[in-house]
1. Could you check how many residues of region 364-382 are in a loop (DSSP other than H, G, I, E, B), surrounded by 12 or more Cβ atoms within 10 Å (Cβ to Cβ) and not hydroxyl-bearing (Ser, Thr, Tyr)?
2. What about Arg229, is it surrounded by 14 or more Cβ atoms within 10 Å (Cβ to Cβ), at pLDDT 90 or above, closer than 30 Å to Leu29 by Cβ and touching a strand residue (DSSP E or B) at 6+ places or on another chain (Cβ under 8 Å)?
3. Being open to solvent by less than 20 Å² (accessible area, probe 1.4 Å) and either in contact with a Pro (Cβ under 9 Å, 6 or more places away or on another chain) or assigned to a loop (DSSP other than H, G, I, E, B) (or both) is the requirement here; does Val389 meet it?
4. Tell me yes or no: at least one residue of region 329-351 is in a strand (DSSP E or B), farther than 23 Å from Val409 by Cα and open to solvent by less than 60 Å² (accessible area, probe 1.4 Å).
5. With the requirement that a residue be over 22 Å from Leu288 (Cβ atoms), part of a loop (DSSP other than H, G, I, E, B) and either at pLDDT 95 or above or not hydrophobic (A, V, I, L, M, F, W, C) (or both), what does region 392-413 give you?
6. Looking at the structure I just gave you, is Ser287 within 30 Å of Asp339 (Cα to Cα) and small (Gly, Ala, Ser)?
7. Quick check on my filter: what residues within region 139-161 are open to solvent by less than 80 Å² (accessible area, probe 1.4 Å) and outside any loop (DSSP other than H, G, I, E, B)?
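The values are calculated or read from the model by the stated rules, or taken from the named source; none is laboratory data. Here the structure is a predicted model, which means the values were calculated and not measured. All Cβ positions, even for glycine, are placed from backbone atoms using ideal geometry, and neighbour counts span all protein chains on display. Protein only, heavy atoms only, side chains kept; ligands, DNA and RNA dropped before computing areas. Shrake-Rupley method; radii C 1.70, N 1.55, O 1.52, S 1.80 Å.
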Amino acid sequence: MTETETGFAVRALRRLRYFHGQLLGARDLQREQAYLREKIALPVRYLLGYGVVCGLLVEGVGDHHDSAADTTDESAAKTDESAADTTDGKDRRRRARVRITPGLGVDDRGEHIVVRRDCDVDLWEALPPDERTREGREVTTVWVGVAYDEEAVEPTRTVFTSGCSDSSDCEFGWTDERHRVVVTSERPEPDQRCERCPGADDDRDCEHPVLWLARIDEIDWFRPVRGHRIDMTIRRPFGRRVPTVITGINWIHGHTYTIEEASALLGTHKESGGLRVAFSDDVRTDSLRRGVVDIQVIEGGAGRNADSWFMGGAFQDLPETEYTRGFRYRQTTREVLQDDDRVMITVRAGFLLDRCCRPVDGTHVGGRVPLIDGEGYTPDSCPVPPGGVGPWTSGTGAGGDTFESWFFVREER
């Protein structure tokens, strides 16, 4: 039986077969070690996925220290030529540093990236010299990540050498598996693959060897990096794929609006109004069909005195492109709201398909999806999701489900 050039692009799995009296050399043991490493990496790569498993948070160094404390910091006291600025005759130290906390990640090849203790990073020193300026000005945005790395350690004197070997008197006896920090001013390419299994192309060189952890914006190279400049929402959580979720809405869940405010929000009398929903990634425009969104009004009162009805509406200004990152749904009838009404909003996320034809993960966990503009909404408890990174989004990881939300109406505040 012969194998063609196309197929499942994975290294041949050849296992060492022991027998009595067998002579084993370094090459045999190295190949057996490679076999075992590949057998471990295969299910991780294709069954479990890759990304940040835990930890690996990025924090500013010196963010909570005054300038006097920064002055005494030994790492900040370096005054080499690359870290000094003599503008106005004054030496100024570059103080833009971040700290990567301990944690575990897995790269696209199945290699484990372990950060065992806090890792301080001088952003200027870590940034490649050819990426420090653009159009004659110093860059102010960088991306920070970690990648798997290894180094041969512990030199050991050889007992004997083979006549056909180039081995020296000493060889490194161990391989230290470690990580390296990557800082770049070039925007990393996102992973938009829909399928984790390889095709005809050999994927031995993983496409995404760096786990990107944060983007640092508006850097002042001579001041500590403040927390609000660090955006960790770009990090990829561990898994086979990153689900598309709802990242923002233009109404406050559970809020009480006046009748006038609610009418403006729904677009009752103004064509520019309407409910807006934003997604984390592309959603197929053709999946935004009639019936996906419902607006139900539950009239004021209790028990049998309360009545409900569905408000007529339609999607507005949908793009002619194949994908969209959000939609606007506006009331198209003239029904009006009354005091003590409750407006129920339902988005059937299981019918919204992303670029990989998978359903949007739409469960409105805790009612904590923030406003699209990011202002005016702070939950009383659990302000950030369990991972401690970024604002809440919809989704539980299961995919599909229904996004539900509501707000109340009062005649006056």
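1. Within region 364-382, the subset in a loop (DSSP other than H, G, I, E, B) is 364, 368-370, 372-382.
With surrounded by 12 or more Cβ atoms within 10 Å (Cβ to Cβ) added as a condition, the list becomes 364, 368-370, 372, 377, 379.
Next cut, not hydroxyl-bearing (Ser, Thr, Tyr) only: 364, 368-370, 372, 379.
Number of matching residues: 6.
2. Numbers: surrounded by 14 or more Cβ atoms within 10 Å (Cβ to Cβ): yes; at pLDDT 90 or above: yes; closer than 30 Å to Leu29 by Cβ: no; touching a strand residue (DSSP E or B) at 6+ places or on another chain (Cβ under 8 Å): yes.
No, not satisfied.
3. Values: open to solvent by less than 20 Å² (accessible area, probe 1.4 Å): no; either in contact with a Pro (Cβ under 9 Å, 6 or more places away or on another chain) or assigned to a loop (DSSP other than H, G, I, E, B) (or both): yes.
For Val389, the condition - open to solvent by less than 20 Å² (accessible area, probe 1.4 Å) and either in contact with a Pro (Cβ under 9 Å, 6 or more places away or on another chain) or assigned to a loop (DSSP other than H, G, I, E, B) (or both) - is not met.
4. Residues of region 329-351 that are in a strand (DSSP E or B), as a first pass: 329-331, 342-347.
Now restrict to residues that are farther than 23 Å from Val409 by Cα: none.
The answer is no, given that none of the residues of region 329-351 is in a strand (DSSP E or B), farther than 23 Å from Val409 by Cα and open to solvent by less than 60 Å² (accessible area, probe 1.4 Å).
5. Within region 392-413, Thr396, Gly397, Glu411, Glu412, Arg413 meet the criteria.
6. Working: within 30 Å of Asp339 (Cα to Cα): no; small (Gly, Ala, Ser): yes.
Taking the combined requirement at face value, the residue does not satisfy it.
7. Of region 139-161, the ones open to solvent by less than 80 Å² (accessible area, probe 1.4 Å) are 139-149, 152-153, 156, 158, 161.
Hits for region 139-161 are Val142, Trp143, Val144, Gly145, Val146, Ala147, Tyr148, Asp149, Ala152, Val153, Thr156.
A quick yes/no check of all residues on (1) among the acidic types (Asp, Glu); (2) in contact with a Phe, Trp or Tyr (Cβ under 8 Å, 6 or more places away or on another chain); (3) at pLDDT 90 or above:
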position	(1), (2), (3)
Asp91	yes, no, no
Asp107	yes, yes, yes
Glu125	yes, no, yes
Arg132	no, yes, yes
Thr140	no, no, yes
Ala147	no, no, yes
Phe160	no, no, no
